[in-house]
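**Student:** Would you mind keeping the following structure in view while I ask a few things?
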Amino acid sequence: MGKKHNRAQLQWCMFDCHIHTPASSDYQQPEISYLEILQRAEARGLDIIAFTDHNTVAGYATMQSEIKELELLEKLGRLLPEERSRLNECKRLLTKLLVLPGFEFTATFGFHILALFSPSKPVREIEHLLLDLNIPPEQLDEGSATVGATTDVLTAYQKINEGGGLVIAAHANSSNGVAMRGFNFGGQTKIAYTQDSHLHALEVTDLEQKGTRSTAAFFSGTKPEYPRRMHCIQGSDAHRLTSDASRKKNLGLGDRATDIALPEVSFDAIYELFSSNDFSRTRPHRHKEEPAFDFIQAALEEGSNIIQEFHESMTARGGKLYAILADVCAFCNTNGGTLYIGLNTDPKKPPIGISDPELSIAQLEKEINNRLTPPLQCSIDLHDYRGKKIVRVLVPRGDDPPYALDDNKIYIRDEAETGLAVRDEIFSLVLRNSRVQRGSIPVPSAEAAEAEAAPTREKVAPQPEPEADYTPHTGVEVLPAEEREGTRYYSMRDLRNGNVVKNVTRASARRLWHYAISSFLSFPNDLEQASIVWQGNFGLVRQYKQGKTTHYDLIQRTAEGYRYFFGVTPDGIYGPWKSVTGLEES
């Protein structure tokens with residue numbers, strides 16, 4: 001099993017990952033001392049802060065230098081009373097606060113990246129890394145956000161991470177962020193910038209916003225193009241000690257912080273958290289009068305989907321334990337995910353709970369170890385929810401697919417459904433494994449991503465665009481069938497990944513495929529007689545609810561005929577489909 005933490009041993013710590021100091025050239029209160037910054041952090045209740053000045057580590061270095069100078073004077077017996085008081089206060093605060101050295105790096109085309117390091121890492125090594133990222137030597141102590149041509153985003157991620165740093169995309173959804181809206185660069189670049197394996201988290205400015213339009217919801221792992229769920233946190237990006245009363249967006253230290261649950265207050269513990277797939281140990285820091293964030297309640301409200309599922313119990317009788325194991329197998333073959341055991345899927349109903357949780361966890365660990373091949377590292381822990389014990393299973397996306405249950409049953413996750421993989425899907429899993437083994441997963445190169453991200457004025461004159469492809473990104477497409485010995489065999493295109501599965505019959509199809517084929521066969525020969533809501537060449541056939549998610553059956557006129565899409569979820573709706581389904585364009 002994977003690394004586990006006893007929930008009772010975890011402590012919630014208040015963390016501001018993004019603060020500037022007078023070492024940043026745009027700091028608005030340059031007269032502020034580093035001692036005042038530490039005192040303000042204590043006053044705000046912070047446990048961990050990071051100095052992230054623009055393209056420099058000079059702020060952290062200055063604080064360390066001032067302390068060492070006072071310690072030297074103390075050793076020489078030349079310390080004045082005021083200096084002794086200042087030194088004692090610094091020492092007291094640094095035993096209470098964890099202060100991380102770091103910087104906010106300006107990559108090419110102005111994208112900002114936070115790099116955080118252990119306090120044990122020498123400042124000289126961090127400075128050497130900045131030089132390796134092409135910060136001009138003469139600007140190493142200037143703290144300027146504008147430093148000319150530096151290093152591309154993906155290379156910066158890699159170098160910072162390989163240098164021992166925690167890599168966070170700064171204000172990712174806002175100005176100079178890698179996922180900001182309205183910037184003219186392509187989807188492949190945005191995917192690369194937000195899904196790269198060297199990136200640990202996204203700092204966002206809308207963490208407390210609820211609903212599908214929030215950045216955290218977008219990077220939850222349910223989007224077809226963004227299968228890796230990302231840790232989303234918030235930082236104040238403070239350029240002053242206290243907030244500016246005249247400009248509400250001009251935040252002070254600790255005004256926008258994140259709570260993180262750690263076994264100990266250390267950089268290693270923080271790094272382990274953001275390298276894990278446990279997303280319940282971060283939450284936006286809230287004022288005491290506001291209710292605490294409940295990740296289990298939030299999961300229930302979101303409902304079953306491609307990355308999470310709920311089970312009321314795990315008894316062997318009735319196949320309930322097997323259903324859990326099948327979900328584990330399906331999650332690791334797809335995008336990874338989380339299982340909650342002891343919960344009714346209706347958030348309004350009281351939880352059922354697990355009567356003997358320790359025995360249940362031991363049994364589940366044994367079953368996963370013995371019945372799933374190849375071996376898989378899951379993490380299983382226990383939680384209290386409304387007076388009941390709930391077992392949670394964190395399942396990673398496997399590195400060695402296909403994974404099989406009981407040697408020969410290979411399951412995959414299809415939206416909110418777990419089903420046996422068919423031949424073509426197994427073949428795709430084998431191909432995925434071979435790409436991983438060769439290290440050739442198709443991710444855009446740094447050069448290609450940067451070229452795509454370049455402002456339009458730097459590109460060559462635009463060429464005529466080919467006709468746009470508006471294929472939905474979720475659900476299935478029914479392709480033309482062929483008949484053999486009286487049986488019709490269909491090909492189904494999985495719209496999430498584009499894989500085509502052949503030789504599907506109405507009788508052998510899994511639930512969504514069976515529904516799609518049955519619905520396809522119900523169309524009249526003359527489509528003008530069908531009750532389709534058309535807008536141009538895009539039509540809405542049916543809209544229905546399955547669990548908590550709305551699904552759409554769609555049809556499209558093309559020069560070659562009609563295309564039929566079934567079970568499309570809102571995550572797969574874009575372009576002209578937004579209008580015909582009544583969904584707002586994001």
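**Student:** Do we find that T474 is among the hydroxyl-bearing types (S, T, Y) and farther than 20 Å from G572 by Cα in this structure?
**Tutor:** no
**Student:** Now a separate question. Just give me the residues in region 72-91 being touching a helix residue (DSSP H, G or I) at 6+ places or on another chain (Cβ under 9 Å), closer than 23 Å to R44 by Cβ and loosely packed, with under 15 Cβ neighbours inside 10 Å, in sequence order.
**Tutor:** E89, K91
**Student:** Further question: Give the residue, chosen from L133, L79, L73, that is in contact with a Lys or Arg (Cβ under 7 Å, 6 or more places away or on another chain) and over 20 Å from A238 (Cβ atoms).
**Tutor:** Just one listed residue meets the conditions, L133.
**Student:** Based on this model, can you work out whether E358 counts as modelled with pLDDT under 95 and buried (at least 21 other Cβ atoms within 10 Å of the Cβ)?
**Tutor:** Judged against the criteria, E358 is not a match.
**Student:** Please go through region 118-143 and pick out each residue that is crowded, with 17+ Cβ neighbours inside 10 Å and touching a strand residue (DSSP E or B) at 6+ places or on another chain (Cβ under 7 Å).
**Tutor:** K121, I126, L130, L133, G143
**Student:** Restricting attention to region 551-567, which residues are within 14 Å of W513 (Cβ to Cβ) and acidic (D, E)?
**Tutor:** Residue satisfying the conditions is D553 alone.
**Student:** If you take the residues of region 174-196 that are in contact with an Asp or Glu (Cβ under 7 Å, 6 or more places away or on another chain) and outside any loop (DSSP other than H, G, I, E, B), which of them is modelled with the lowest pLDDT?
**Tutor:** Per the criteria, the residue is G187.
**Student:** Right, something else. Checking the condition modelled with pLDDT of 95 or more and not in a strand (DSSP E or B), which residue from G254, G221 passes?
**Tutor:** Unique residue meeting the criteria: G254.
**Student:** Check off (1) more than 18 Å from V391 (Cα to Cα); (2) surrounded by fewer than 22 Cβ atoms within 10 Å (Cβ to Cβ) for G303 and give me the number that stays unchecked.
**Tutor:** All conditions are met except number (1).
**Student:** Here is a check on your reading of the model: is Q363 within 16 Å of I380 (Cα to Cα), part of a helix (DSSP H, G or I) and over 18 Å from the mean Cα position of the chain (by Cα)?
**Tutor:** In short, yes.
**Student:** In region 300-314, which residues are touching a helix residue (DSSP H, G or I) at 6+ places or on another chain (Cβ under 8 Å) and either acidic (D, E) or part of a strand (DSSP E or B) (or both)?
**Tutor:** Listed by number, the residues that qualify are Q308, E309, F310, H311, E312.
**Student:** Here's another thing I want to ask about it. Within region 56-66, can one find any residue that is in contact with a Phe, Trp or Tyr (Cβ under 8 Å, 6 or more places away or on another chain) and hydrophobic (A, V, I, L, M, F, W, C)?
**Tutor:** yes
**Student:** Here's a follow-up. Are there any strands (runs of 3 or more DSSP E) wholly within region 503-586 with 2 or more residues that are surrounded by fewer than 20 Cβ atoms within 10 Å (Cβ to Cβ) and not polar (S, T, N, Q), and if so which?
**Tutor:** 533-535, 538-546, 561-568
The values are calculated or read from the model by the stated rules, or taken from the named source; none is laboratory data. Not measured: the values here are computed from a predicted model. Virtual Cβ from ideal backbone geometry, glycine too; neighbours counted across all protein chains shown.
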